[in-house]
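Below: the structure, in structure tokens.
The values are calculated or read from the model by the stated rules, or taken from the named source; none is laboratory data. Computed from a predicted model, the values in this text were never measured in an experiment. Note that we place each Cβ from the backbone using ideal geometry, even for glycine, and neighbour counts take in every protein chain shown.
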Amino acid sequence: MEKRAKRFLIYGFLVLLVFLLNFVVGCIQKEVKYQGVFQLTTAPGRDADPSWCSNDKIVYWSTRTGNGDIYLVNIDGTNETRLTNSSAKEIDPACSPDGTKIVYAVEEQGSINLWIINIDGSENKQLTTDMGNWPSWSPSEDKIAYSSNGDIWIMDADGSNKTRLTSSPEMEYAPCFSPDGSQIIYSKGEPGGGDPLNPSKGSADLWIMNVDGSNQRLFFSSEGEQVCFQEGWRQGKIVYMDANTPHPTVWIMDEDGSNKRQLFSSSNCANGDPALSPDGKMIAWMSNKNGNDDIWIAHIE
């Protein structure tokens, strides 16, 4: 009887241990191998749209001090720096491949346009005046693709030579360059309610085209809204968000569209805004798994 009681105690302890591990891990699942999952930001407010300035620095926007400002931080959480400080809402940052400049969107008085700033916060300059958001740098750093009035545009990094690439009646947004700069993947359809972690509705597929706007074609279709963010295509991988309600999810696939698998489950939380590090070994994303919209990082294989 004593041995039997000990076995029951050990069994009960193991069951409790598994439960606690599942609780701590939360919405992280084991479908893709990853390690070193950690929460980067913890401040009140919303932290969103991470962009890699190097393999050890991230820029993002936050509402912790107001409408929205751009912040820079090391991936170990040190040297957090506020780069913008105005009454406008400053969002959607995208860091240049060499890590020296950041293009971002400024929402003010019913309009949204793109600005560019040095990584040290100096030389802030407006790039567009006729609407612009969802910026993405070309790997060669000389071009920026972006969304404007429901179409995909491209311009030189100094704001000159603006060219419209798409003109569909449907909304076309969230462009992302291929690693060699020859193609752009983007969303086409009806975007959701503005907050990717709480979408009201939305239905969009991933499309792809040549960088000059030719050969526009469907790349991936699925129920709901599919969004590949500005750093979603790197090192042979594509990460994207499936913004189905009630819990958006982050997925990864090979760049030919095969081998799709979910990175993080969303049974009790929402995940969005995925961005791959330059070496393709890490992913940054936004999650509300702890009850607040924060930036998280994981090492992936």
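Quick notes
- Subset of the range 214-240 (residues that are without any contact (Cβ under 8 Å) to a residue 60 or more places away in the chain and either outside any strand (DSSP E or B) or not assigned by TED's automatic domain parsing to the domain that holds Asn288 (or both)): Ser214, Asn215, Gln216, Ser221, Ser222, Glu223, Gly224, Cys228, Gly232, Gln235, Gly236
- The condition (being closer than 22 Å to Ala94 by Cβ, at pLDDT 85 or above, assigned by TED's automatic domain parsing to the domain that holds Thr42 and in contact with an Asp or Glu (Cβ under 6 Å, 6 or more places away or on another chain)) is satisfied by just one residue among Ala284, Ala243, Ala275: Ala275.
- Contacts under 6 angstrom Cβ, first residue in the range 72-84 being surrounded by 13 or more Cβ atoms within 10 Å (Cβ to Cβ), partner part of a strand (DSSP E or B) and acidic (Asp, Glu), 6 or more apart: Arg82/Asp69; Thr84/Asp69; Thr84/Glu90
- Summed over the range 140-185, residues that are at positive phi, acidic (Asp, Glu) and out of contact with any Ser or Thr (no Cβ under 7 Å at 6 or more places or on another chain) total 0.
- Among the conditions (1) touching a residue at least 12 places away in the same chain (Cβ under 8 Å); (2) more than 22 Å from Ser178 (Cα to Cα); (3) not in a strand (DSSP E or B), the only one that Gly291 does not satisfy is (1).
- Residue match in the range 15-31 (condition: within 21 Å of Val227 (Cβ to Cβ), of a type outside the set (S, T, N, Q) and either assigned to a loop (DSSP other than H, G, I, E, B) or modelled with pLDDT of 85 or more (or both)): yes
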